[in-house]
Structure formats: structure tokens, C-alpha cells
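Taken together, the values in this text are just the output of simple stated rules run on the coordinates, not laboratory data. What you see is a predicted model, and the numbers here were worked out from it, not measured in a lab. All Cβ positions, even for glycine, are placed from backbone atoms using ideal geometry, and neighbour counts span all protein chains on display.
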Amino acid sequence: NAGVTQTPKFQVLKTGQSMTLQCAQDMNHNSMYWYRQDPGMGLRLIYYSASEGTTDKGEVPNGYNVSRLNKREFSLRLESAAPSQTSVYFCASRANSGAFFGQGTRLTVV
Amino acid sequence: RKEVEQDPGPFNVPEGATVAFNCTYSNSASQSFFWYRQDCRKEPKLLMSVYSSGNEDGRFTAQLNRASQYISLLIRDSKLSDSATYLCVVEKGGTSYGKLTFGQGTILTVHP
């Protein structure tokens, strides 16, 4: 049982490049989330999806887009990466008992 | 005011000590509450949910006070392995799961 799987685990981008962070869960959860974590800032919600076909903005959505492709997958896209988007990105899915996280993607934008 | 605020710590305690963390939340419509732990460079992991009646899991006890809008986590008989960052999480619920808002975390170091 893999739980929540994120790819890639590490990525270095140049300013202006685009990329998509992938997230998939095999727990049949409806709700999924994308967070970023910066030193001293805690986890901040970028976007979330309460169910397949719906997405909502979180606290820091600017510069990001998301796609809830199906119930399993929730991707995060950076259209034009900026150094301010250097961070650790976590995807999560929600069960009754709480949210479960992927291992994270460490993204550096140079 | 932040939606979720925690004691920033850090807390440095000896093995065997009892330590308590508090967390306040601003939205009175919040419905669900959790404590997570996060080890260095790892993902957050669910520690326990927090219920109005309080709940206990081994050495860990969580309490919710809706009137004062705070939750707490008590760790008894601290172990070296308890060293981590503890995150308070609050959710404003509804008919479906809503946004999970995290506090900034409290760093705990347990020393021999």
C-alpha cells in the first residue's frame, strides 16, 4: 500500500521554466491538498480539491495551477518558475482520521 | 491574527519529563483538530485527532477547549524519539472536508 506518492523527489529549475509536480493516492480519498513549506513559515496551503472535478485556492495560490485529473491524481503546475517558489512541496489526501502526506518534492529555482 | 498559533518553542526537556504544547485558533466555526509530528526533512505524520471529550494514546493526551478556542498536547515520560516538530492543525468543516490550516509548529528536543 503506497499511500500518497509524489514525483519527482528533487528538482532544480531555471527561472522561467515550467514543470508539473505529480501526486497520486491509492486510498480512495476524495479530498487532496498541495502545501508548500518554507523555513519559519510552517505549511501553507496552495490549492485543495474536495472531490474529483473541484479545486479551490488556498492561502498562497499565485503562480500555481492545479488539475484534479481523477480521484487518484492531483497535479500542481508551475507555469513560469520564480526563485520565490523554491520550497518543499507536500501533497496530502484526507481520510476520516486525518490527512496523509507524500514524502515531498524539494524544488530549487535558480 | 493568524488562524492557528502555537507556542514557538523550542522546548528542551530531559528524558522522562512531561511537556505540554498549546495551540489557539481564531475561527470559531472550526470543526476538526489534529496534532501532527514532523521529523527533520520528512513529511508530517498524523499523531492524533483531538476530540471535545479529550483523547489519549499511550503517553500522549490531546484536549480541546472550544470555549477558549485552544487545543493542547501533553506528552508524558518523554523519550529521545519524541524529538520532533509538533504541528497543530485545524479544519473548518462543513458537508465535506475543508481546508486544513497548520500552525507553525513547536520544536521539541528531548535530551538524555
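Taking amide H positions as placed 1.01 Å from N in the peptide plane, with prolines and chain starts having none, which residues 5 or more places from residue B:48, or on another chain, fall under 5 Å of its amide H?
Sorted by chain and number, the residues that satisfy this are B:35.
Tell me which trypsin sites (Lys or Arg not before Pro) from region B:3-79 have a DSSP coil assignment and no more than 10 other beta carbons within 10 Å of their own. Mind showing how you got there, number by number?
On the way: sites: B:37, B:41, B:42, B:45, B:59, B:66, B:76, B:79; in loops: B:41, B:42, B:59, B:66, B:76, B:79.
Those satisfying the criteria are B:41.
On a straight-distance basis, which lysines could pair with residue B:42 in a cross-link, Cα separation under 18 angstrom, same-chain partners fewer than 8 positions away excluded?
Candidates past the 8-residue exclusion: A:9.
With a cut-off of at most 11 other beta carbons within 10 Å, and DSSP calling the residue loop, which trypsin sites (Lys or Arg not before Pro) in region A:1-108 qualify? Please list them.
In loop regions of region A:1-108 (DSSP not H, G, I, E or B), the sparsely surrounded trypsin sites (Lys or Arg not before Pro) are A:9, A:14.
Under a 5 Å amide H to amide H cut-off, with H placed in plane at 1.01 Å, what residues pair with residue A:86 once short-range neighbours are removed?
For residue A:86, whose amide H was placed from the backbone, the distant partners under 5 Å are A:109.
What GluC sites (Glu not before Pro) in region B:1-90 are in a loop by DSSP, with at most 13 other Cβ atoms within 10 Å of the Cβ? Working shown, then result.
Working: sites: B:3, B:5, B:15, B:56; in loops: B:3, B:15.
Answer by residue number: B:15.
Go through the cysteines of chain B and tell me which have no other cysteine Cβ under 4.7 Å away.
So, B:40.
I'd like the distance separating the alpha-carbon centroids of region A:48-107 and region B:1-64, in whole Å.
Measuring centre to centre over Cα atoms gives 24 Å.
Which far-off residues, 5 or more places away or on another chain, put their amide H under 5 Å from the one on residue B:42, with H placed in the peptide plane?
Correct list: empty.
Over the Cα atoms of chain B, each weighted equally, I'd like the Debye log10 I(q)/I(0) at q = 0.15 Å⁻¹, rounded to two decimals.
-0.60
For region A:17-110, what is Rg from Cα atoms divided by 2.2 N^0.38 Å, rounded to two decimals?
1.01
Could you work out the Kirkwood radius for region B:6-53, taking every pair of different alpha carbons, averaging 1/r and inverting it, reported in Å?
Evaluated over region B:6-53, this radius sits at 13.3 Å.
How large are Rg and Dmax for the protein assembly as shown when only the alpha carbon atoms are used, in Å?
Calculated on Cα positions, Rg and Dmax stand at 17.5, 52 Å.
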